[in-house]
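The values are calculated or read from the model by the stated rules, or taken from the named source; none is laboratory data. In this text, all values refer to a predicted model and were calculated from it rather than measured experimentally. Cβ: placed from backbone, ideal geometry, glycine included. Neighbour counts: every protein chain shown. Keep in mind that these areas ignore ligands, DNA and RNA; they rest on the heavy atoms of the full protein, side chains included. Shrake-Rupley method; radii C 1.70, N 1.55, O 1.52, S 1.80 Å.
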Amino acid sequence: MEIMIRQITAADTAKARALRIEALADAPLAFGTRLDEACARPNEFWAEQTANGAAGTSQAQFVAVDGEALVGSVIGLDQGDHTFVIGVYVRPGYRGKGLLGGLMAAVGDWSPHAELRLEVTSPAALRAYQKIGFAENGKLDYFVPKGTTIRREMTKVV
(Lines give C-alpha, C1' and ligand atoms only; values in the text may rest on other atoms or scores of the structure.)
Protein backbone atom coordinates (compact mmCIF):
# COMPACT_ATOMS: atom_id res chain seq x y z
CA MET A 1 0.00 0.00 0.00
CA GLU A 2 1.19 3.50 -0.78
CA ILE A 3 1.85 5.87 2.11
CA MET A 4 -0.13 9.08 1.87
CA ILE A 5 0.75 12.42 3.46
CA ARG A 6 -2.20 14.64 4.31
CA GLN A 7 -3.45 17.18 6.82
CA ILE A 8 -4.79 15.71 10.03
CA THR A 9 -8.57 15.48 10.59
CA ALA A 10 -10.73 15.25 13.71
CA ALA A 11 -11.22 11.54 12.98
CA ASP A 12 -7.48 11.04 13.58
CA THR A 13 -7.54 12.18 17.23
CA ALA A 14 -7.11 8.78 18.91
CA LYS A 15 -4.47 7.66 16.43
CA ALA A 16 -2.60 10.98 16.74
CA ARG A 17 -2.56 10.60 20.53
CA ALA A 18 -1.19 7.07 20.22
CA LEU A 19 1.51 8.21 17.77
CA ARG A 20 2.55 11.05 20.07
CA ILE A 21 2.77 8.68 23.06
CA GLU A 22 4.90 6.34 20.91
CA ALA A 23 7.15 9.25 19.90
CA LEU A 24 7.69 10.29 23.51
CA ALA A 25 8.53 6.71 24.49
CA ASP A 26 10.90 6.33 21.52
CA ALA A 27 12.72 9.66 21.85
CA PRO A 28 11.93 11.23 25.24
CA LEU A 29 14.58 13.94 24.97
CA ALA A 30 13.51 15.17 21.53
CA PHE A 31 10.20 16.67 22.62
CA GLY A 32 9.12 19.31 25.12
CA THR A 33 6.62 17.02 26.85
CA ARG A 34 7.28 14.10 29.16
CA LEU A 35 5.63 10.75 28.50
CA ASP A 36 3.79 10.71 31.84
CA GLU A 37 2.41 14.21 31.18
CA ALA A 38 1.10 13.21 27.75
CA CYS A 39 -0.49 10.01 29.08
CA ALA A 40 -2.31 11.98 31.80
CA ARG A 41 -3.87 14.51 29.42
CA PRO A 42 -7.63 14.15 28.92
CA ASN A 43 -9.24 13.28 25.61
CA GLU A 44 -10.42 16.90 25.27
CA PHE A 45 -6.81 18.06 25.10
CA TRP A 46 -6.08 15.69 22.22
CA ALA A 47 -9.28 16.66 20.41
CA GLU A 48 -8.33 20.35 20.66
CA GLN A 49 -4.80 19.68 19.41
CA THR A 50 -6.14 17.75 16.44
CA ALA A 51 -8.74 20.42 15.69
CA ASN A 52 -6.05 23.13 15.70
CA GLY A 53 -3.87 21.10 13.35
CA ALA A 54 -6.81 20.41 11.05
CA ALA A 55 -7.91 24.06 10.98
CA GLY A 56 -4.63 25.12 9.39
CA THR A 57 -4.85 28.77 10.41
CA SER A 58 -1.92 29.61 12.69
CA GLN A 59 -0.78 26.01 12.80
CA ALA A 60 -1.21 22.87 10.75
CA GLN A 61 -0.45 19.23 11.41
CA PHE A 62 0.36 16.73 8.69
CA VAL A 63 0.45 12.97 8.99
CA ALA A 64 1.88 10.10 7.01
CA VAL A 65 -0.72 7.35 6.67
CA ASP A 66 -0.10 3.70 5.79
CA GLY A 67 -3.48 2.04 5.33
CA GLU A 68 -5.32 2.99 8.52
CA ALA A 69 -2.18 3.65 10.62
CA LEU A 70 -0.54 7.00 11.26
CA VAL A 71 3.20 6.41 10.84
CA GLY A 72 4.54 9.96 10.93
CA SER A 73 3.57 13.45 11.97
CA VAL A 74 4.75 17.07 11.89
CA ILE A 75 3.32 20.40 13.06
CA GLY A 76 4.01 23.79 11.49
CA LEU A 77 3.49 26.95 13.56
CA ASP A 78 3.12 30.36 11.89
CA GLN A 79 5.56 32.65 13.71
CA GLY A 80 4.86 35.84 11.73
CA ASP A 81 8.03 35.88 9.60
CA HIS A 82 8.76 32.13 9.42
CA THR A 83 7.18 28.78 10.16
CA PHE A 84 8.58 26.86 13.11
CA VAL A 85 8.38 23.08 12.82
CA ILE A 86 7.73 20.94 15.90
CA GLY A 87 6.59 17.46 16.87
CA VAL A 88 8.37 15.70 14.04
CA TYR A 89 8.17 11.92 14.31
CA VAL A 90 8.39 9.00 11.92
CA ARG A 91 8.00 5.45 13.23
CA PRO A 92 11.34 3.58 13.23
CA GLY A 93 10.27 1.04 10.60
CA TYR A 94 9.37 3.86 8.20
CA ARG A 95 12.53 5.94 8.55
CA GLY A 96 14.79 6.31 5.53
CA LYS A 97 11.89 5.96 3.09
CA GLY A 98 11.39 9.65 2.26
CA LEU A 99 8.59 10.36 4.75
CA LEU A 100 10.53 13.10 6.54
CA GLY A 101 10.97 14.96 3.27
CA GLY A 102 7.32 14.44 2.38
CA LEU A 103 6.10 15.71 5.73
CA MET A 104 8.33 18.78 5.48
CA ALA A 105 7.13 19.42 1.92
CA ALA A 106 3.55 19.42 3.20
CA VAL A 107 4.45 22.00 5.85
CA GLY A 108 6.28 24.05 3.22
CA ASP A 109 3.26 23.98 0.91
CA TRP A 110 1.00 25.13 3.75
CA SER A 111 3.39 27.74 5.14
CA PRO A 112 2.69 31.40 4.33
CA HIS A 113 6.44 32.03 4.67
CA ALA A 114 9.47 31.14 2.60
CA GLU A 115 11.41 29.91 5.61
CA LEU A 116 11.00 26.83 7.80
CA ARG A 117 12.92 26.59 11.08
CA LEU A 118 13.34 23.79 13.57
CA GLU A 119 15.51 22.79 16.47
CA VAL A 120 17.60 19.62 16.69
CA THR A 121 19.05 17.93 19.75
CA SER A 122 20.84 14.93 18.27
CA PRO A 123 23.46 14.30 15.60
CA ALA A 124 21.13 11.80 13.88
CA ALA A 125 18.39 14.42 13.55
CA LEU A 126 20.94 16.95 12.30
CA ARG A 127 22.01 14.57 9.52
CA ALA A 128 18.43 13.66 8.60
CA TYR A 129 17.43 17.30 8.19
CA GLN A 130 20.59 18.12 6.26
CA LYS A 131 19.66 15.37 3.77
CA ILE A 132 16.38 17.15 2.99
CA GLY A 133 17.87 20.61 2.59
CA PHE A 134 17.97 22.15 6.06
CA ALA A 135 21.15 23.94 7.13
CA GLU A 136 22.38 25.15 10.48
CA ASN A 137 21.66 28.86 10.74
CA GLY A 138 24.29 29.66 13.37
CA LYS A 139 21.82 29.96 16.21
CA LEU A 140 23.16 27.75 18.94
CA ASP A 141 21.59 27.49 22.34
CA TYR A 142 24.02 27.60 25.23
CA PHE A 143 21.64 25.39 27.23
CA VAL A 144 21.87 21.80 26.04
CA PRO A 145 19.10 19.66 27.59
CA LYS A 146 20.30 16.84 29.84
CA GLY A 147 20.86 13.66 27.87
CA THR A 148 21.25 15.41 24.53
CA THR A 149 24.51 16.16 22.81
CA ILE A 150 23.62 19.26 20.80
CA ARG A 151 20.99 21.96 20.50
CA ARG A 152 20.95 23.84 17.22
CA GLU A 153 18.47 25.65 15.03
CA MET A 154 18.20 24.80 11.35
CA THR A 155 16.54 26.64 8.48
CA LYS A 156 15.26 25.73 5.03
CA VAL A 157 13.98 28.10 2.37
CA VAL A 158 10.93 26.61 0.62
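Would you calculate the separation in nanometres between label points at Asp81 and Thr57, each defined as 7 Å from the Cα along the Cα-to-beta-carbon direction?
Modelled inter-label distance: 2.5 nm.
Output the direction-averaged projected area (hull surface divided by four) of the convex hull of the alpha-carbon atoms of region 68-143, in nm².
If you wrap the Cα atoms of region 68-143 in a convex hull and average its projections, you get 5.9 nm².
At 222 nm, what value in deg cm²/dmol follows for the chain if DSSP H runs of at least 4 each add -39500 (n - 2.57) and the sum is divided by all its residues, to the nearest 500?
Computed mean residue ellipticity for the chain: -10500 deg cm²/dmol.
So, in nm, how far is label Ala105 from label Asp36 when the simple model puts each one 7 Å beyond its Cα toward the Cβ?
4.2
State the percentage of accessible surface on the chain attributable to carbon and sulfur atoms; use a 1.4 Å probe and exclude ligands, DNA and RNA.
Carbon and sulfur: 54 percent of the exposed surface of the chain.
Evaluate the relative contact order of the chain (contact order divided by residue number), counting alpha-carbon pairs under 8 angstrom at least 6 apart; express in whole percent.
After rounding, I find 20 percent.
By average Cβ neighbour count within 10 Å, what is the ranking of 47-53, 70-76 from highest down?
The peptides rank, most packed first, as 70-76, 47-53.
At 1.4 Å probe size, what's the solvent-accessible area of Lys15? Round to the nearest 10 Å².
Rounded to the nearest 10, that gives 80 Å².
Roughly how far apart, in whole Å, are the Cα centres of region 91-107 and region 1-21?
14
For Glu22, put the label point 7 Å out on the Cα→Cβ axis and report which residues of region 84-122 keep their amide N under 18 Å from it.
Zone members listed by number: 87-104.
Taking only protein heavy atoms into account and a 1.4 Å probe, give the accessible area per residue of the chain in Å².
Heavy-atom SASA per residue in the chain reads 54 Å².
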